[in-house]
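Below is one structure, written out as structure tokens, with a few remarks after it.
Nothing in this text is a laboratory measurement; each read-out follows from the coordinates by a stated rule. Since we're looking at a predicted model, the values are computed, not measured. Counting neighbours? That spans all protein chains shown, and the Cβs are built from the backbone with ideal geometry, glycine included.
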Amino acid sequence: MHAVVLVGGFGTRLRPLTYSIPKPLLPVAHTSMLERLMNSLALGGVTHAVLALGFKPEPFMAAFPNDMCGSVQLSYAVEDTPLDTAGAIGFAARTAGIGETFVVANGDVLTDLDIASLISFHRQHGAEGTISLTPVSDPSQYGIVEIDASGRVERFVEKPQPGMTTSNFASAGTYVLEPSALVRMPGDQKLSIERVVFPQMVADGSLFAMSTDDYWIDAGRPDTFISANVHVSKRAAKATDAPIHPTATVAETAEILDSVIGENATVLDGARIQHSVLLPGAIVEQGAVIIDSLVMGRVGTNSQVTGSIIGSTGVVGQNEMCNNASVPAHDPALQQE
Ligand code: GDD
Ligand code: MG
């Protein structure tokens with residue numbers, strides 16, 4: 001089975017981390033989101049995945065030097081300009097020569113979904129497309145789906161305003177598509193699957209959806225990226241998921257609460273890390289306190305960082321207070337959207 005994996009977005013909500021590492025390559029409990037997704041696709045029978053790339057393609061190729069991720073063979077489709085979701089799927093599927101039923105996955109989703117059961121649901125319903133659904137508490141952040149008793153999609157509305165729909169079933173960002181759906185996605189211009197293609201398929205009665213209550217999170221926002229890290233490291237299904245990476249240096253007097261400390265990160269005496277993620281190489285000096293934050297750079301002695309993102313070049317000096325900030329601050333020259 002082939003898959004198209006969408007990994008070409010700018011990762012704006014995780015800036016400035018994504019200035020140095022594209023979102024799908026950021027680690028969740030020490031293993032990149034993309035690797036976790038690939039493992040789950042492989043369990044569902046996927047043997048080849050084409051990465052639909054745009055923004056920063058090189059780190060992806062460098063991350064998989066043999067073009068293999070576990071047992072999945074990788075190939076790449078690099079867009080000259082961002083084609084949006086359906087444009088990217090059309091372009092990538094053509095680049096890889098996909099001509100049979102295939103899977104599509106958003107590259108920032110972490111889930112225990114059994115892809116094989118989604119594929120069999122799709123075949124049983126003779127669908128042109130089948131969307132995996134998950135219940136959410138804040139519909140405004142997702143593509144929201146209304147279905148009938150048979151599982152046929154009656155409405156797909158992307159990021160609805162309050163009152164637009166009563167459904168709280170979100171598209172979980174994993175689909176099964178027939179090759180005929182590619183006719184709707186020429187892949188030569190910008191096109192949104194959520195805003196254009198799915199509504200067309202709904203009108204034709206050919207789109208279905210299957211809901212599950214598996215663990216699911218879109219780790220593409222600061223709060224969900226922290227939650228995903230904490231959840232996976234606490235569950236520690238494998239020893240390598242444990243909260244503190246074996247190469248990290250953590251002083252005995254430091255306090256680590258509901259947090260993940262990445263590869264080669266350093267936490268000095270008396271520091272406290274609470275509900276936060278220290279990315280590989282981060283440094284937190286003596287007595288500093290980090291709460292609800294993501295740190296890739298350095299935080300100086302006795303500083304307090306709350307609800308903030310410190311990028312790879314970010315430095316918080318000594319005795320500073322840093323609340324709800326991005327360090328470095330967003331550079332308008334790098335705003336590409
Ligand atoms: N190749 C390519 N080109 N990929 C892209 C582009 C593009 O122009 N734009 C976005 N992507 C990729 C992103 O990298 C990401 O993996 C995926 O497409 C979805 O984009 P997000 O920016 O993460 O979208 P979202 O989280 O706001 O919403 C999407 O996911 C939700 C579930 O997590 C939508 O599909 C919603 O309907 C869905 O509910
Ligand atoms: Mg997302």
Q. If you keep only loop residues by DSSP, which GluC sites (Glu not before Pro) in the stretch 246-335 have at most 13 other Cβ atoms within 10 Å of their Cβ?
A. Glu252
Q) What percent antiparallel are the DSSP beta bridges of the chain, to the nearest 5? A) 30 percent
Q: Positive end of the charge dipole of the chain (Lys, Arg +1 and Asp, Glu -1 on Cβ, about the Cα centre): tell me which of Ser137, Ser75, Ala3 has its Cα farthest that way.
A: Ser75
Q. In terms of the Cα gyration tensor, with a ≥ b ≥ c the square roots of its eigenvalues, is the stretch 139-199 rounded because a/c is under 1.5, prolate because a/b exceeds b/c, or oblate?
A. oblate
Q. Which value at 222 nm does the chain reach when only helices count, each DSSP H run of 4 or more adding -39,500 (n - 2.57), with the total divided by all residues and rounded to the nearest 500 deg cm²/dmol?
A. -5500 deg cm²/dmol
**Q.** D_trans [Stokes-Einstein, Kirkwood Rh over alpha-carbon pairs] for the chain, 37 °C, 0.692 mPa s, µm² s⁻¹
**A.** 159 µm²/s
**Q.** Relative contact order (%) - criterion: Cα under 8 Å, at least six apart; region: the stretch 166-284
**A.** 15 percent
Q) Of all GluC sites (Glu not before Pro) in the stretch 125-161, which ones are in loop regions per DSSP and have a Cβ with at most 11 other Cβ atoms within 10 Å? A) none
Q | Simple label model, 7 Å out from Cα along Cβ direction - Ser211 to Ser140, nm | A | 2.2 nm
Q | Cα-based Lys proximity count in the chain, under 24 Å, for pairs eight or more positions apart or on separate chains | A | 7
Q | 0 to 90° range, to nearest 10: angle between helix 84-95 axis and the chain longest Cα axis | A | 70 degrees
Q) With the contact rule set at Cα under 8 Å and sequence spacing of 6 or more, what percent relative contact order holds for the chain? A) 16 percent
Q) If you place +1 on the Cβ of every Lys and Arg, -1 on the Cβ of every Asp and Glu, and leave all else neutral, what size is the dipole of the stretch 241-337 about its Cα centre, to the nearest 20 Debye? A) 140 debye
Q. For Ala239 and Glu263, what does the FRET efficiency come to when R0 = 22 Å and r is the distance between their Cβ atoms, rounded to the nearest 0.05?
A. 0.90
Q: Using DSSP to define loop residues, name the GluC sites (Glu not before Pro) in the stretch 13-106 whose beta-carbon has at most 12 other beta-carbon atoms within 10 Å.
A: Glu100
